[in-house]
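Derivation of every value follows stated rules applied to the coordinates shown; laboratory data play no part. Because the structure is a prediction, the values reported are computed rather than measured. Methodologically, a virtual Cβ is constructed for each residue, glycine included, from the backbone with ideal geometry; neighbour enumeration extends over all protein chains shown.
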Amino acid sequence: MKPDNVRGKNLDKKGFEEATRVKYDLNAEYAYDMGYAVSRYLMGLKEGKIVGIKCHKCGRILVPPRAFCEQCYVPIDDFVELSARGRVNTFSISYVKWDASRIEKPEIPAVIELEGASPGVGILHVLGEVDPKDVHVGMEVEAVFKEEKDRKGEITDILYFRPVK
Amino acid sequence: MGIISKVTKNIEGKAHYYKFPVWYEYTVGVAGEIFAKNLKEQGLLTGAKCPCCGKVYLPPRVYCEECFEEIKEFLALEPVGVVETYCEVYEDIDGNRFDKPKVVAFVRIDGSCGGLFGFIEGGVQMGDKVKAQLVEKRKRTGTVSDIVCFKKVG
Amino acid sequence: MGLKLRRKVAVIGAGLTKFMRRALETGRELSFYAARQALDSAGLRFNDIESVVISTAPDAFDGVHMKTEWLADGCGSFHRPYLRGYVGGGSGVFALIQGWYMVASGMFDTCLVVAEEKMSSCQPHPQGAFNTIFDHTLERDLGVNLLWIFALEMNRYMQVHKLSLEEIALVSVKNKKNALDHPSAQIPKAVTVEEVLASEVMAWPVHRLMVSPTTDGAGAVVMASEDVARRVCEKPVWVEGVGWCLDSAFWTNRDLYYPDYVEKAAKMAYEMAGITDPRREIHIAEPYDPFAYKELHHLEGLGLADRGQAPKLLAKGFFDRDGDLPSCPSGGLLGVGNPIAAAGIMKCCELFWQLRGEAGKRQVSRPVKRGVAQAWGDLMQVGTVIVLGV
């Protein structure tokens, strides 16, 4: 039966610790330029607004804004202020962090379709002030911004989205 | 209307910082474990001999890259060899100047067609015969960090 | 597009290592094991290999910069022209597509195709290496992790088609059971739907037994022109169609319930193969299954089930090894393992053995002459498809 003669020696956790290993700290740090479209988006967040962009060719209103429409492949610069409200397109209730460690209080990431953007166009963010049991697709939510003095022009200027009462 | 005309208007540009949060722990592999054992226990290096062409690889590996045959014969080799090339390093990786320049050499190990990089202490010339100075046995890890430096012999 | 095959190309040998959580072997050693096995099974000598394709996914897993160049001599690339193919998880099938055009172009008569991944080097956990898949400015600061996007996609898929977790859990049951008969398998197990749903919730709706593991492993195939194949191989497996497609990285602007990019890649491959009715003309499938729901998602994208209907067919046994259209008879990523780039090549190797009747206990009941393997990767973006036949 194929494959035959499969080779490879698996190490369990203890075996891995006992094997000869070389450790290396990557220490890779990055300073990313934003580009002009994302810069404008972040400026908007600092002001407590959500900014999108319109493609003059296909008419789509997109968020996060971008310097060119990826479907029409033309440069675009028609920024549009969008609503800070939207609907949950999809969500998850996560008990695991990036390093595979577990958390007790879950995080609720969601894709939120923003009002004013084209249908199906949304952003990734997290939900808050909500019982995970109550979250559902289609739920109306609104952005909760940090206090003006605490905003820095970052995606975390929005603390989370919460259900509209 | 292109993008360029808008780029410098009313945009606060700044950078976003990120540190990639991972580190690595590499296993040394089947051949590497044999190298580790010989170095730790006997203070010897290890070569791997191809059954087909007879080439002795150092560092050792389980296959010959030219014949693509599996290598099962490993030879313990004295950590002596010849300086094939060297350079003098004046700065560290961040550009800070050393008090004294460091000499890094590629040493072709006797009995193999391979070799190792190492620091040279006590002066160097092309073609010098050198021997590895190892850390004391109980502190060895079995990797090339066990080699403190190479020194001229004879 | 009017694609016509310029020159027939066949797969004439295959090899696979054990798929493991932490291999003692280095990536180069794993590559050598797989490549040597493929070469031996093809009945060729090393000097017969004219070109090499190596597929390996993020350098960030093995922690080796320009990973392919480092793996190269273990993959038989010594002094040979080689190409790296990299589309994340799509690489394992993409590697064969590149091997195909190395030979189909007429430039080479043979190509050794190797795929490898050694994820265990990455600490504190290989999952961390995926962090950079998310947008550096707009997403990472939210505390992202890879499970999120799969959970978000799975939830959307379930919502749109009104699916239950039980229907999805059946994929884990099928694949982990199939993997019991795969010598390379990392986590084969007979599990029930109840056990899958009782397993730890990682990122709802994803449960632990619905996720493939992180894996070290390698696989390889030998591809050859018609001339060479007919001379050395008793039963060559022909490349009948290839296709690949990339969707936008703006993944929050797409409806995740359906993989358009898989459909487009499949369309390209089917057109080349002259397939007009995939459900009748494809006899066996190896769609990519990093998560249980993904197999269903991809079966629909491949046109092998109507949208939302794959779970219903699965429940009827349609995709079982003794069903009408066996899917993941190997045990898939859920049972055999997921060494990112090498997972796709594992699926291609499975088709190779199934089409030649060499899969032993995994051999499907129905006669098979034509199969499709598909891999997926990046930020819910890449579809790579290959149709193989005898």
Problem set entry | Debye intensity ratio I(q)/I(0), log10, the range B:9-152, q values 0.14 Å⁻¹ (C-alpha model) | -0.77
Exercise. For chain A, what is the mean residue ellipticity at 222 nm derived from helices alone (per DSSP H run of n ≥ 4: -39500 (n - 2.57); sum divided by total residues; nearest 500 deg cm²/dmol)?
Worked result: -3000 deg cm²/dmol
Seminar exercise, completed: Heads up, the range C:182-255 by the C-alpha gyration tensor (a ≥ b ≥ c square roots of eigenvalues; a/c under 1.5 rounded, else a/b over b/c prolate, else oblate) looks oblate
Exercise. Rounded to the nearest whole Å³, what is the per residue volume of the convex hull around the Cα atoms of the range B:64-103?
Worked result: 172 Å³
Exercise. In whole Å, what three semi-axes, largest first, describe the equivalent ellipsoid of the range C:260-390 built from its Cα gyration tensor (square root of 5 times each eigenvalue)?
Worked result: 19, 17, 15
Problem set entry | Stokes-Einstein diffusion coefficient of the range A:15-95, Kirkwood radius over Cα pairs, 25 °C, 0.890 mPa s, in µm²/s | 151 µm²/s
For this session: Could you size up the charge dipole of chain C around its Cα centre, putting +1 on the beta carbon of Lys and Arg and -1 on that of Asp and Glu, and report it in debye to the nearest 20?
Result: 800 debye
Problem set entry | Note, ³J(HN,Hα) from phi for the range C:125-142, Karplus 6.51, -1.76, 1.60, rounded to Hz, x at Gly and Pro | 7, x, 4, x, 5, 7, 3, 6, 6, 7, 4, 5, 9, 9, 10, 4, 5, 7
Problem set entry | Assigned charges on the beta-carbon of Lys, Arg, Asp, Glu; the protein assembly as shown dipole about Cα centre (debye) | 840 debye
Seminar exercise, completed: Taking only the alpha carbons of chain C, the radius of gyration and the largest Cα-Cα distance, Dmax, both in angstrom, are 19.1, 58
Exercise. With charges set only on the Cβ (+1 for Lys and Arg, -1 for Asp and Glu), what does the dipole of the range C:24-132 come to about its Cα centre, in debye to the nearest 20?
Worked result: 100 debye
Problem set entry | Farthest toward positive dipole pole in the protein assembly as shown [+1 Lys/Arg, -1 Asp/Glu at C-beta], among A:10, A:117, C:158 | A:10
For this session: Starting from the Cα gyration tensor of the range C:1-138, take the square roots of the eigenvalues, sort them a ≥ b ≥ c, and report rounded, prolate or oblate (rounded when a/c is under 1.5, otherwise prolate if a/b is larger than b/c, else oblate).
Result: oblate
Exercise. Toward the positive end of the charge dipole of the range B:27-152, about the Cα centre and with charges on Cβ (Lys, Arg +1; Asp, Glu -1), which of B:114, B:35, B:59 goes farthest?
Worked result: B:35
Problem set entry | Distance violations [Cα-Cα > 18 Å] among A:13/C:177; C:176/C:294; A:105/A:133; B:72/C:18; A:9/C:118 | A:13/C:177; B:72/C:18
Exercise. Could you state the principal axis extents of the C-alpha atoms in the range C:99-149, from the largest down, to the nearest angstrom?
Worked result: 50, 26, 15
Exercise. Among A:62, C:131, C:302, whose Cα sits farthest toward the positive end of the charge dipole of the protein assembly as shown (+1 at Cβ of Lys/Arg, -1 at Cβ of Asp/Glu, about the Cα centre)?
Worked result: C:302
Exercise. Along the three principal axes, how long is the range A:32-163 when you take its alpha carbons, biggest first, rounded to the nearest angstrom?
Worked result: 46, 32, 28
Exercise. Which three extents, in whole angstrom, do the alpha-carbon atoms of the range C:54-205 cover along their principal axes, largest first?
Worked result: 53, 43, 30
Problem set entry | Helix A:35-46 vs. chain A, principal-axis angle (Cα, 0 to 90°, nearest 10) | 70 degrees
Problem set entry | For the range C:43-65 and the range C:344-390, distance of Cα centres in Å | 20 Å
Exercise. Based on the alpha-carbon gyration tensor of the range B:42-93, what equivalent-ellipsoid semi-axes (square roots of 5 times the eigenvalues) come out, in whole Å, largest first?
Worked result: 28, 15, 10
Seminar exercise, completed: Phi angles of the range C:376-390, converted by Karplus (6.51 cos²θ - 1.76 cosθ + 1.60, θ = phi - 60°) into ³J(HN,Hα) in whole Hz with x for Gly and Pro, give 9, x, 6, 8, 6, 10, 9, x, 10, 9, 9, 10, 10, x, 10
Seminar exercise, completed: For residue C:189, other-chain or 5+-apart residues with amide H closer than 5 Å (H placed, Pro excluded) are C:177, C:179, C:180
Exercise. Can you tell me the Rg and Dmax of the protein assembly as shown, counting just the alpha carbons, in angstroms?
Worked result: 27.4, 87
